[in-house]
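Data first, discussion second: the structure below is written as structure tokens.
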Amino acid sequence: MPVTGPEGDLSAYIREAKAAERAPGADDWPRVRIWIAASSTVRGLREILLVKCQEARIRADVRLGGYGQVAQELLDPASGLYAADPTLIIVFQDVADTGFAPSGLVTTGTDDDRRRWADDTADGLARMADAATAHSRANVLLHNLRVPAYSPLGILESKQAFGSVEAVRTVNDRLRDRYKSDPRVFVFDFDAFCSRVGKDDLADPRMEYLADARLRFEVLPRLCDEYLAYVLPLAGRARKCLVLDLDDTLWGGVVGEDGFEGIRVGPAGEGRPFWDFQRHLKALALRGVVLAICSRNNPEDALAVIRHHPGMVLREEDFAAVRINWQDKATNLVDLSRELRLGLDAFVLVDDNHVNRHMVREALPEVLVVDLPDDPARYVSALRQWRVFDTLQLTGEDTERGRFYADQKRREAAARTIGSLDTYLASLGTVVRIERVTDATVARTAQLTQKTNQFNLTTRRYSEAEIRELSGDPARLAVCARVTDRFGDNGITGVLIVDTDGLTWRIDTFLLSCRVIGRRVEDAMLSYLVAEARRQGARTLTGEFIPTAKNAPAADCFRNAGFTMLSDEAGRTVWSYDIARPFVPPSHVTLLPAQRT
Amino acid sequence: MIHDRVRDVVARVLDVPRERISDQMSRDHEAAWDSFNHLLLVSALEADFGIVLTMAQIESIRCVGDLVAIVTAKGKHS
């Protein structure tokens, strides 16, 4: 239940947090351990973040570092911070705690003093972030510095050769450039956040003097919303699909009543807010968010607008799936969930109609139903607040995802015209290329272990750092499978991680993206593994199936591949395969094994 | 009236049972009334009563009786 009451009611959050700690949520919720290392007093941040994580169905363990201990805790590998083995470390050094003194550095210091300060401060922050990545497996969220809105020099600040405001900006520029291509350290634009809140009103000066609290209590929940944009993808809770209504959502008017001519959408006039909204949606689609339509309408009327109206930005091919009928929205959403093979918790519903929103919220609580403002002029500003689609790295697969779904529609159209399943499978021309995990594929491999729930034998989640480590470990085999077919490239959609120490090889992780379920890619991967094990002199292959709420599709994988069951404890099964037995790969799949090293 | 409202806020913010709250309850002896909760308490009272305390006044408060006195005094001037 979301916390009710005024945002400033921090004591309500604290009570909710205590309740959250007593009832931390279901066992199958993803877990994150967050450590906040802050140079000023941020009490309250811990409780608010805990509550927001619970609202997002994440079991969070949130700890606050010792007061004034930021550098010590980060630079000492034996500190409590590292002992806690966090998944996310937030480093929050306030500019006021960096020796940035108004009567010292700012006014009496020289340009050289300020340059030295900028160098030292940027280096110091980087050293802490780098220590965090060196001594832990965590991702790091490094606050940049709040650029002061006030200078005692007034209008002459901008005429300084190297003034204090420029010095702070320089630190931020250095941090930004340094971590642009770092996969684990994210520079959090705290300066932008402060600007959005209003730098003139960030702190209650009494609290700042009495407790070193540099942010008003009311600001803390907003800061936690920013943090949540990083926590959600870490926990695999990023949403993937935006389901859109049509009338008065994507365009002004009701096509069934106003007709094609009466619809308002386009770069000029009344339709402009809708046109702009569509442009923003298109931008989201380009970064990998899947768009779908769910509308109560006559299909011909609605599709005519989508296909032919000159003011439309989004066209039919921009949507991965379309439900235009007279069924209720909840049923349609469940259908979409099946068609797109995404859980309902991956969906976001956008609908102008309050009754529809309420109905879906009640019927399908896992779907996020946004509160679209009543005034279309505000649609775009509402969209900008949606922070639920963030991923930790934009992989090639994300931007290709939209194209993948268009390809998939063509595959399915082909399936309907071709007779039996075997003929269909054969006609796909599936090629499975096995590759060892390298730098180029670490991100995608880790992403798959974090996000794949259905065809996942053991559901072990790995961070990029862990995958990198595994791939370099000579006692392990870490490979990924790239699947292409007649209609396109599905990208990397399979992962196999095997412990290869000794005569018995143990399958630690075996998963397939749901895009490629149902065509025996898993058998192709296993045939590669058997051949590789044989080549390296192993005798037996073992694997386990650990049941979860979502991975029933993988339960029979080993049985179907001809493995022998060794044990079955409440659904958790262990299997083995004698390498001496031949393994027949599926005939309709072309297997390209990894280069031998 | 003011007395009751002040005690309601104290009970809510410090998360202590209403019956335990007396004018003598003080920062020095009440574990729940640490410096952070003191600021929360002041914030909550300011919001509830529509008043603003100075930093000096915030620091001067040592017990519930002081809270009641200050809220009452502030109320008279609004």
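Annotations for the structure displayed:
- Helix B:35-49 axis, angle to chain B major axis (alpha carbon atoms, nearest 10°): 40 degrees
- Anisotropy class of segment A:476-597 from Cα gyration tensor, a/c 1.5 cut: oblate
- For segment A:197-290: rounded, prolate or oblate by the Cα gyration tensor [a/c cutoff 1.5]: prolate
- The smallest convex shape that holds all Cα atoms of chain A, its convex hull, gives 187 Å³ per residue.
- Segment A:294-402: chymotrypsin sites (Phe, Trp or Tyr not before Pro) in DSSP coil with no more than 11 other Cβ atoms inside 10 Å: A:TRP326
- For segment A:129-215, the list of trypsin sites (Lys or Arg not before Pro) that fall in a loop by DSSP and count at most 11 other C-beta atoms within 10 angstrom reads A:LYS180.
- Helix-derived mean residue ellipticity, 222 nm - over chain A, DSSP H n ≥ 4, -39500 (n - 2.57), to 500: -12000 deg cm²/dmol
- Each listed q (0.18 Å⁻¹) maps to a log10 I(q)/I(0) for segment A:107-218, found by the Debye formula over equal Cα scatterers with no solvent: -1.06.
- Charge sum, other residues only, whose C-beta stays under 13 Å from A:GLY68's C-beta, Lys/Arg counted +1 and Asp/Glu -1: -4
- P(r) tail fraction, chain B - alpha-carbon pairs more than 16 Å apart, %: 42 percent
- Applying 1/(1 + (r/R0)^6) with R0 = 51 Å to the Cβ-Cβ distance of A:ASN325 and A:ASP111 gives a FRET efficiency near 0.15.
- If R0 is 25 Å, the Cβ-Cβ spacing of A:ASP439 and A:ALA229 corresponds to a FRET efficiency of close to 0.45.
- Rg ratio (alpha-carbon, reference 2.2 N^0.38 Å) - segment A:176-245: 1.45
- Remark on A:PHE188: its backbone amide H falls under 5 Å from those of A:LEU142, A:HIS143, A:ASN144, a criterion applied only to residues 5 or more positions apart or on other chains, H modelled at 1.01 Å from N.
- For peptide A:207-215, the mean count of partner chain Cβ atoms within 10 Å of a residue's Cβ comes to 3.
- Shape category assigned to segment A:531-597 from the gyration tensor of Cα positions, a/c cut at 1.5: prolate
Here, each number is a calculation from the coordinates, and none is a lab measurement. Everything numeric here is computed off the predicted structure, so don't read it as measured data. Glycine also receives a Cβ, built like all others from the backbone with ideal geometry; neighbour counts cover every protein chain displayed.
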